[in-house]
Amino acid sequence: MKVGVMASGRGSNFHAILKESHNGNLPNVEIRHLIVNKKSAKAIEVAQEYNIPFTVIESKDKTRKDFEKEVAELFKKENIEIIVLAGFMRILTDHFVNLYKHKIINIHPSLLPAFPGAHAHRDAINSGVKKSGCTVHFVDEGVDSGPIIMQASVDIEEGESEESLSSKILVREHQIFPKTLELLCSNKIEIIGQNVKINPD
Ligand code: GAR
């Protein structure tokens, strides 16, 4: 399936997907294009390393509607079927989400529905939970609220810092995000209401 990626920053998840794809582990995934909403996004360097076409569509000083119109036009031109949010730090409008209903996946650094939003690591540490992790989910109209596809957990140790927790979770993100994408692109994921069923071969 033809996949478009959206990112805002470092791009380590984008890199993990490209690496797995390069190693032949994502046979049904064709990464066609990267869109970044900031020209400083390091994800651009990742695209260059793997020869993936990329476009900068600046989102600042633009309405969400105008930004998304440009994204949708580009992805339509590229025949994109699946959208991956790989550290894309902007909320999408209901209109855009419905344009690609159940075709947009996101990675979030907590075990959703716990700790949605922009400070997942800090919120997990401050709450005193002993485990956190990451979640790959479909994007719906809410914030980090769509059907959950896959999760991985890590222990929170005594004295854990935001940085150390983030690094531990990132290792797990890089494992489950490419895996989920391949399952989606090989039509093995079934959505039943808020529940997701993974169908084996
Ligand atoms: C990742 O930790 C991802 O889970 C998080 O941003 C980071 C992006 O890193 N995403 C969110 O918080 C979305 N709500 P990356 O640019 O190196 O992939």
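Summary table
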| quantity | calculated |
| --- | --- |
| Count of lysine pairs in region 28-78 with Cα separation under 23 Å (8 or more residues apart, or interchain) | 21 |
| All aspartates and glutamates inside 16 Å of residue 131 as judged from Cα atoms, apart from same-chain residues fewer than 8 positions distant | 123, 155, 157, 158, 160, 162, 163, 173 |
| Region 1-158 shape via C-alpha gyration tensor axes, a/c threshold 1.5 | prolate |
| Mean separation of Cα contacts under 8 Å, 6 or more apart, over the residue count of the chain: relative contact order % | 20 |
| Rounded, prolate or oblate (a/c below 1.5 giving rounded, otherwise prolate when a/b exceeds b/c) for region 35-91 by Cα gyration tensor | oblate |
| Per-pair calculated FRET efficiency, R0 = 22 Å: residue 171 and residue 89 via Cβ, rounded to 0.05 | 0.60 |
| Rounded Å value of the spacing that divides the Cα centres of region 71-118 and region 135-201 | 14 |
| Eligible lysines near residue 130 by straight Cα distance, threshold 21 Å, same-chain separation 8 or greater | 168 |
| Most to least packed among 178-184, 74-80, 40-46, 21-27 [average Cβ atoms within 10 Å] | 178-184, 40-46, 74-80, 21-27 |
| For region 29-46, 3J(HN,Hα) per residue [Karplus equation, 6.51 cos²θ - 1.76 cosθ + 1.60, θ = phi - 60°, Hz, x = Gly/Pro] | 10, 10, 7, 9, 7, 10, 10, 10, 9, 9, 6, 7, 4, 5, 4, 4, 5, 5 |
| ³J(HN,Hα) computed for each position of region 111-125 - Karplus, 6.51 cos²θ - 1.76 cosθ + 1.60, integer Hz, glycine/proline x | 8, 4, x, 6, 6, x, x, 8, 10, 4, 5, 4, 4, 5, 4 |
| Beta bridge orientation in the chain: antiparallel %, DSSP, nearest 5 | 50 |
| Among 61, 94, 140, residue whose mean-square fluctuation peaks in a GNM of the chain (springs only between Cα atoms under 10 Å) | 61 |
| Whole-Hz couplings from phi, Karplus 6.51/-1.76/1.60, listed for region 86-103; x for Gly and Pro | 10, x, 8, 9, 9, 7, 8, 6, 4, 4, 5, 4, 6, 4, 10, 4, 6, 10 |
| Size of electric dipole in the chain: Cβ of Lys, Arg +1 and of Asp, Glu -1, about Cα centre, debye, nearest 20 | 360 |
| Given charges at Cβ of Lys, Arg, Asp, Glu: region 1-83 dipole, positive-most of 37, 16, 5 | 37 |
| Rounded to 10°, Cα long-axis angle of helix 64-77 versus longest principal axis of the chain | 60 |
| Cα centre as origin, Lys/Arg/Asp/Glu Cβ charges: region 19-78 dipole, Debye | 220 |
| CD proxy at 222 nm, helix term only [per DSSP H run n ≥ 4: -39500 (n - 2.57); per residue of the chain; nearest 500] | -10500 deg cm²/dmol |
| Ranking of 192, 156, 83 by count of other Cβ atoms within 10 Å, fewest first | 192, 156, 83 |
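The numbers here are math on the coordinates, done by the rules we state, and not lab data. Bear in mind that the values here come from a model prediction, so they are computed numbers and not experimental data. Note that each Cβ is placed from the backbone with ideal geometry, even for glycine, and that neighbours are counted across all protein chains shown.
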